[in-house]
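For reference, the structure discussed in these notes is given below.
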Amino acid sequence: MTQDITPQEAMKRLEQHFGSREAMLTHTLTMLSTSGQPADVTFYLHKPLLDVRVGTKLGAARLYGLESHVPRLLRRIEFSNGAVASSAEIWTVNPMPMGGFSPEELAAVDLSEGDKPTGPQGETLRQMIRETYHCTSREETDYFLRRWIAS
């Protein structure tokens with residue numbers, strides 16, 4: 001049986017489980033490093049990295065009990081496109097499907113979901129996508145909103 005909860009309740013539960021945003025981010029990055037699943041990684045100060053994979057070093061360190069290496073690895077996370085970033089720069093990590101999206105899948109997304117209040121201060125998903133992906137046009141926002149909803 002499934003139970004619908006509000007986005008605020010979901011965030012509260014995540015914080016209770018992980019303890020902090022940083023701990024949740026570390027967990028997510030580790031899982032992506034281990035699985036090879038692509039993700040969109042957004043940053044506080046610049047445009048996102050799209051469909052990148054997190055380098056395997058972080059996952060390997062966690063799998064082999066080398067926890068003392070994790071803080072250093074989080075200061076220099078390697079991505080499949082050659083980019084390198086610190087976890088402190090990362091705003092969001094949005095896992096994407098392994099095979100990507102077909103144009104038909106993206107076109108079929110119902111964008112009305114993006115206009116529902118979702119954020120902690122009642123922001124819509126559209127507003128949060130516009131901010132985190134640093135969108136400069138309605139078309140760009142719609143594109144990233146479609147990707148996020150489809151994922």
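Points worth noting:
- Efficiency of FRET from Cβ geometry, SER86 and GLN121, R₀ 41 Å, rounded to 0.05: 0.95
- A Förster distance of 41 Å, applied to the separation of the beta-carbon atoms of TYR143 and TYR64, puts the FRET efficiency at 0.55.
- The figure for GLU105 is an accessible area of roughly 100 square angstrom, using a 1.4 Å probe on the protein chains alone.
- Shape metrics for the chain, restricted to C-alpha atoms - Rg then Dmax, Å: 16.1, 46
- Shown in residue order for region 106-117 are the 3J(HN,Hα) couplings computed by the Karplus curve 6.51 cos²θ - 1.76 cosθ + 1.60 at θ = phi - 60°: 5, 5, 7, 5, 8, 6, 5, 4, x, 9, 8, x Hz (x for Gly and Pro).
- According to the Kirkwood relation over distinct C-alpha pairs, the hydrodynamic radius of region 59-99 is 11.7 Å.
- Listed values for region 66-72 are Karplus-derived 3J(HN,Hα) couplings in whole Hz (6.51 cos²θ - 1.76 cosθ + 1.60, θ = phi - 60°), namely 9, 4, 5, 8, 4, x, 5, and x replaces Gly and Pro.
- Choice from GLN37, GLN127, GLN16 with maximal GNM fluctuation in the chain (Cα, 10 Å cutoff): GLN16
- Highest-fluctuation residue, ASP115, ASP51, ASP40 considered, GNM on the chain with Cα pairs under 10 Å: ASP115
- Region 45-96, dipole about Cα centre (Lys/Arg Cβ +1, Asp/Glu Cβ -1), debye to the nearest 20: 100 debye
- Span per principal axis, largest first, for the Cα atoms of region 81-151 (Å): 34, 34, 20
- Sites GLU113 and PHE79, calculated FRET efficiency, Cβ-Cβ separation with R0 30 Å, nearest 0.05: 0.60
- Most positive-pole-ward Cα, PHE43, ILE149, ALA61, against dipole of the chain from beta carbon charges: ALA61
- Euclidean distance between Cα centres, region 41-65 to region 109-151, Å: 22 Å
- Cleavage-rule hits, trypsin sites (Lys or Arg not before Pro), region 65-151, DSSP coil, Cβ neighbours within 10 Å at most 16: ARG75, ARG76
- Unit charges on C-beta of K, R, D, E only; dipole of the chain, Debye: 640 debye
- Counted by Cβ distance under 15 Å from ALA60, the other residues give a net charge of +3, where Lys and Arg count +1 and Asp and Glu count -1.
The values are calculated or read from the model by the stated rules, or taken from the named source; none is laboratory data. Just so we're clear, the structure is a prediction, and the values are computed from it rather than from any experiment. Positions of Cβ are generated from backbone atoms using ideal geometry, with glycine treated the same way; all protein chains shown enter the neighbour counts. Only protein heavy atoms, including side chains, enter the accessible area calculation; ligands, DNA and RNA are left aside. Shrake-Rupley method; radii C 1.70, N 1.55, O 1.52, S 1.80 Å.
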